[in-house]
1. Taking amide H atoms as placed 1.01 Å from N in the peptide plane, list the residues 5 or more away in sequence, or in a different chain, whose amide H sits under 5 Å from that of residue 218.
2. Give the accessible surface of segment 4-70 per residue, rounded to a whole number of Å², with probe radius 1.4 Å and ligands, DNA and RNA excluded.
3. Grab the other residues whose beta carbon is less than 15 angstrom from that of residue 136, score K and R as +1, D and E as -1, and report the net.
4. Could you check how much of the accessible area of segment 71-160 is carbon and sulfur, as a whole percent, using a 1.4 Å probe?
5. May I ask you to derive the FRET efficiency for residue 236 and residue 192 from their Cβ-Cβ distance with R0 = 25 Å, giving the value to the nearest 0.05?
6. Pairs 128/178; 314/347; 284/322; 178/284; 155/178: which exceed 21 Å Cα-Cα?
7. So how exposed is residue 117, as accessible area in Å² (1.4 Å probe, rounded to 10)?
8. May I have the extent of the alpha carbons of segment 10-95 along their three principal axes, as whole Å values ordered from largest to smallest?
Amino acid sequence: MGRQPLLLRRHRASRRLDLAKRDGNEDDVLGRETHAAIERARDDGDLLRQSTAVSNMGSLMGALAAERDDIAAGVPTGGTLDAEAYVLVAQRQGACAIAVQDATVAVDEARAAYEQHILANPTRYAQKYGPPKMITGDERLTLRAQGAARQARYKEQGPVRVEDTNEHMELLGKMQAKHLADGRKRESLARQGIDSATLLPDVVPVHRVDLGQLFRVDYSVEAPPDEERTLWPTQEEAHDQATRWREILGRPRHAVRAAKAARGGVLNVQVHSNDDDLFCVQYKNKYRGKSRYVREPGTGGSYYYDWDAALQLKADYEKSNKDASWFVSAAEVRAVGKANQEAGRAKGRASQKRKRET
């Protein structure tokens, strides 16, 4: 349950009365509050509030007299601290002490009923890391006992050193998991509605609720001295900043990416490797996690082409019905790639054997 203002006022009044009892001026505190309540009501011309303030003190005097009689008769009593706190709160609010007591006791009863409910039924428990989870009443009591034990240990020993326990490693793991989850969430918000294939090299999208979609230079690109990594409204401006930084530091961008940037970039045309100048036409499905390569129907052989042939294949596919006959599974492409690698190794071994024979 949430924080209740009535219970907070009673708690503060009780602590104030505790300090007054320690200093021996409890009557002065109640008298000053009563006189202040009467003066405020008199300034407003409210006779009802004046009589209410007087009656609050009268009811408290009656409770104190009844307590003295019980003590003299040997009857156990719980004290009148709560009654004094209710009067203190009522005088400050200009209300009836009995009404304040009834409202506060009703909150106590509601809290007691809620306590019985959460101990008898599985309910949600707010964790320090991660979303809330459902726990039983026994689990809740166990968690409370563990918390009380930690507080007692802290009160007795103070802060526990890292060398004395492995608890810090568990907390570190939870914090790292939370930070990673937050980072993934921010990254997914930043890339929402943006095709990663259209992003220019060295550019990373940044999601800002107040400023909209922004872009910045990737942290893999080192910034020259006296330069700041600022946010840009377009990725072209961020790309220009990254290019200027690379020229200043003399660190050229990846050759294949630079060639792609020089050509203006083509969607779904991927480079084969860094050593050759071959490309494949590949359409990715981000939601299903699968990729499909494109090949002219009825043809065989490799799925990698030179730049012009890859562009022509992409254009032919875009003009076609885009049915399943154009698609080749990634497993088949990998199998062909392995076969080509094995053929290259066999050719190399045969060449080495001929050299040894000669």
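1. Correct list: 203, 204.
2. I get 62 Å² per residue for segment 4-70.
3. +1
4. Accessible surface attributable to carbon and sulfur in segment 71-160 totals 56 percent.
5. In this case the efficiency is close to 0.80.
6. Distance filter (> 21 Å) returns 314/347; 178/284; 155/178.
7. Looks like 90 Å² after rounding.
8. The principal-axis extents, from largest down, are 46, 24, 19 Å.
The values are calculated or read from the model by the stated rules, or taken from the named source; none is laboratory data. A quick note: this is a predicted structure, and the numbers were derived from the prediction, not measured. Note that we place each Cβ from the backbone using ideal geometry, even for glycine, and neighbour counts take in every protein chain shown. Ligands, DNA and RNA are stripped out before the accessible areas are found, and what is left, the full protein with its side chains, is counted by its heavy atoms. Shrake-Rupley method; radii C 1.70, N 1.55, O 1.52, S 1.80 Å.
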